1. Calculate how steeply helix 11-98 sits against the longest principal axis of the alpha-carbon atoms of the chain, using the helix alpha-carbon long axis, and give the answer as 0 to 90 degrees to the nearest 10.
2. Run the simple label-point estimate for ASN25 and ASN42 please: 7 Å along Cα→C-beta, distance reported in nm.
3. Name the most mobile residue of SER26, SER12, SER73, meaning the one with the largest mean-square fluctuation, in a Gaussian network model of the chain with Cα contacts below 10 Å.
4. For the chain, I need the span (max minus min coordinate) of the C-alpha atoms along each principal axis, in Å, sorted largest to smallest.
5. Spin-label point model (7 Å from Cα, Cβ direction): what's the ASP10 to ARG79 distance in nm?
6. Given the Cα-Cα distance of ILE64 and ARG49 and 0.36 nm per residue of separation, how much length would full extension add, in nm?
7. GLN93 to ILE71: FRET efficiency via 1/(1 + (r/R0)^6), r the Cβ-Cβ distance, R0 25 Å, to the nearest 0.05?
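Bear in mind these aren't lab numbers, they're just calculated from the coordinates by the rules spelled out. All of these numbers come straight from a predicted model, not from anything done at the bench. Cβ atoms come from the backbone with ideal geometry, glycine included; neighbour counts cover every protein chain shown.
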Amino acid sequence: MTTSNGQPSDFSTRLGRIEALVAANSEQIAANTVAITRLEANQAAMNERVNIMAERVDTLAESIRVLVPIIQSIQLDVRGLQLENRCILDVLQRRGENR
């Protein structure tokens, strides 16, 4: 059945539902835009933190690279001192046994 202007009888009801859906979609699009903007800001902040952490890791790696040879040298010195101490102990023990 049609109205006098040639439209179906439920035309205004359908049109109202379509307008409501368009309005709801527009609201959702606006909400999504806000959420996307927030996510982009969060992503930018996270990228900045990652960059800072990467710089810190690079600095730490460089410090380790510098410290490893120093530590190895100290370890060699300690081993040398331990050997020297053993030799001194041996001498002292022999002197004690000879008395």
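1. 0
2. 2.7
3. Highest fluctuation among the options: SER12.
4. 135, 24, 13
5. 9.1
6. Contour length minus the Cα-Cα distance gives 3.2 nm.
7. 0.20
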